[in-house]
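> What follows is a structure written as structure tokens; I'll ask about it next.
The values are calculated or read from the model by the stated rules, or taken from the named source; none is laboratory data. Keep in mind that this is a model prediction, so the values were computed, not measured. Ideal geometry is used to build each Cβ from the backbone, glycine not excepted, and the neighbour counts take in all protein chains shown. Note: accessible area is taken over every heavy atom of the protein model, side chains too, but ligands, DNA and RNA are not part of it. Shrake-Rupley method; radii C 1.70, N 1.55, O 1.52, S 1.80 Å.
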Amino acid sequence: MNAERKSRLSTVLLGLMVVLFTFALVLYPKQGFEAGLSGMRLFWNTVFPSLLPFFILAEFMLGLGVVKGFGVLLEPLMRPLFGVPGVGAFALSMGLAAGYPMDAVITARFRSQKLCSRIEGERLLAFTNTADPLFMIGAVAVGMFKSPEIGGLLAIAHYISSFLVGVSFKLWGRKAEREEVHEAQTVPTSVPRGNIFARAFNEMIAARQADGRAFGQIMRDAVVESMQTLIMICGFIVFFAVLIDVLRISGMMALIGAPIAFIYHIFGINGGLVPPTIAGALEIDVGAAQTAAVVAAPMVQKLALVSAIIAWSGLSVHAQVASVLTQTDIRMRPYFLARVLHAGLAAVVTVVLYGLGMGHAGKVFANLTPMSSLATAATGQSAWWHVLLTSLDTWVVFFAVLAVLSLLWWTVRKVRLIAWRV
């Protein structure tokens, strides 16, 4: 009965919210239209060219069996660190390069193809949900704060906290995992014997034969599925852009922000950061831009809030992830908990690094990415090929680093095993 009452109450509340939102659009049609156009421009100038090539590339690699081969090469790194199969490194590198919600799309594909178990998919999604350097260094640092060094600092804090979340979530679902009967296609936890490169090649060939689709069919499926996912993402971006503007105009932001303002007052946080906090809880770009515009707030507080907003990623991204996962049995609860943990850790790490004077390190990190492309992308004037090439370069670098670390660890373990036997 309690469950039924909760269901009815949630239905009534959601229905009331939808009615109020519709009524607000009738009262403010011009503002809603302009906010929708702003969201559409954001999607067309940045999100579409950044994600489409990666969506198609991921489908190609899955269909051709390349991802399965990569999984063997990266198993020695991903399994001990995060408790996920080696193919998880592909989702991690794609998420690092393309940003939200690339990781969710790939994780859902892994689960549908039984490349990971439900628990492994939840662990993987917990720490691969990361922003890309193009956004943090280009859009936030160069475009909003006018400082590439800040972008480097935010990126370092973001990825350190993401790593900590991944290590923490290695313990997620341990009991349930032991009780589950593992699916035959899930990568085994034990380390197979034999040459790792030969095993990777054999797995790739076997996966390609199991797929069986012609190259033209793979291309068609990749384009169609990618476009469907991108249209869905565009809808969420436009909807939340309009929602935020309606809440601001109607005065609901001030009402929602009253409890947050009280908490900020207790901890000595500048009250001007309350509206950006609410906006950031809903949509990452709007929240980050509003935070950078608060002149009166100390820089360390603004950086901590922006870092938390980027790690939290906004309910807009959460909705995109939830829609992608609807065809799988992966639950949203661990994803939500991971975002809360990531936001808290990112804010703390940012404050610590800022206090340690990590500006120089941040500048070095920022210089690893082509700053001309980032700067033009931040102002919305970048050509699509600049965004694409920057994202592809980032993916190649991240994936190469992960592969080298995995092979080094595999070599060390093999040498130790030989020495022990001798």
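> Which residues, taken from the range 252-284, are among the aliphatic types (A, V, I, L, M), open to solvent by less than 50 Å² (accessible area, probe 1.4 Å) and closer than 16 Å to residue 308 by Cα?
260, 273, 274, 278, 279, 281, 282, 284
> If you don't mind, another one. Looking only at helices (runs of 4 or more DSSP H) that lie completely in the range 1-63, which have at least 3 residues being open to solvent by 90 Å² or more (accessible area, probe 1.4 Å)?
Answer list for the range 1-63: 2-27, 29-42.
> Next up: Among the residues that make up the range 100-113, is at least one of them open to solvent by less than 30 Å² (accessible area, probe 1.4 Å), within 30 Å of residue 252 (Cα to Cα) and part of a loop (DSSP other than H, G, I, E, B)?
Scanning the range 100-113, I find at least one residue that is open to solvent by less than 30 Å² (accessible area, probe 1.4 Å), within 30 Å of residue 252 (Cα to Cα) and part of a loop (DSSP other than H, G, I, E, B), so the answer is yes.
> Moving to a separate point now. Could you check how many residues of the range 217-231 are open to solvent by 50 Å² or more (accessible area, probe 1.4 Å) and either modelled with pLDDT under 85 or farther than 30 Å from residue 290 by Cα (or both)?
Of the residues in the range 217-231, 8 are open to solvent by 50 Å² or more (accessible area, probe 1.4 Å) and either modelled with pLDDT under 85 or farther than 30 Å from residue 290 by Cα (or both).
> Here is a follow-up. Given (1) polar (S, T, N, Q); (2) at pLDDT below 80; (3) more than 30 Å from residue 207 (Cβ to Cβ), where does residue 31 come up short, assuming only one miss?
It is condition (2) that residue 31 fails.
> Pairs, please: C-beta under 9 Å, at least 6 apart or cross-chain, first residue under 21 Å from residue 209 (Cβ atoms) and in the range 110-132, second open to solvent by less than 10 Å² (accessible area, probe 1.4 Å) and acidic (Asp, Glu)?
Qualifying pairs under 9 Å: 110/120.
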